[in-house]
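See structure below.
All of the numbers you see were taken from the coordinates with simple rules; none came from a lab. Predicted, not measured: the structure shown is a model, and the values here were computed from it. FYI the Cβ positions are ideal-geometry reconstructions off the backbone, even for glycines, and counts take in every protein chain you see.
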Amino acid sequence: MSPRFSHEFARIPLLAELPGETLALLAARMRREQLAPGATVVGEGDDADRFFIVLSGMLSVTQESLGPRRVLRPGDYFGEVALTMDVPRTASVRAMTPTTLASCDRATFDEFIRPLFADD
């Protein structure tokens with residue numbers, strides 16, 4: 001993903017406080033993907049290797065034992081639980097509408113995003 005997309009990340013509440021230079025570095029390491037309605041992004045129980053940010057569209061989050069959990073919209077993110085705790089995916093996520101996601105690998109997550117979840 002090009003650094004020119006860093007302005008999209010500045011609108012994401014989780015990333016909004018990062019300096020512009022850091023957002024540009026993060027954007028350069030993100031992968032952008034388009035999904036059709038019904039596409040599965042992650043499945044419950046899958047190994048975790050990426051963190052995702054919703055740029056457009058809506059996605060459903062479900063758990064086998066609990067059913068539908070929530071709907072993700074632009075500005076939301078997912079995948080942090082499995083990466084942070086080093087456990088399999090805790091839910092399935094599927095596109096409900098045409099969706100655009102940005103995602104990063106574990107190393108990028110650990111460097112740029114994991115610190116945002118640290119307790120102050």
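Annotations
- When +1 charges are put on Lys and Arg Cβ atoms and -1 charges on Asp and Glu Cβ atoms, the dipole computed for the chain relative to its Cα centre reaches about 540 debye.
- Projected-area average for the chain over all orientations - Cα convex hull basis, square nanometres: 7.1
- Label zone at Ala28, where the point sits 7 Å out along the Cα-to-Cβ direction: segment 96-120 residues whose backbone N lies under 15 Å: 108, 112
- Sorted by Cβ density within 10 Å, fewest first, the residues Leu72, Leu35: Leu35, Leu72
- DSSP-loop GluC sites (Glu not before Pro) across segment 1-81, with at most 13 other Cβ within 10 angstrom: Glu17, Glu64
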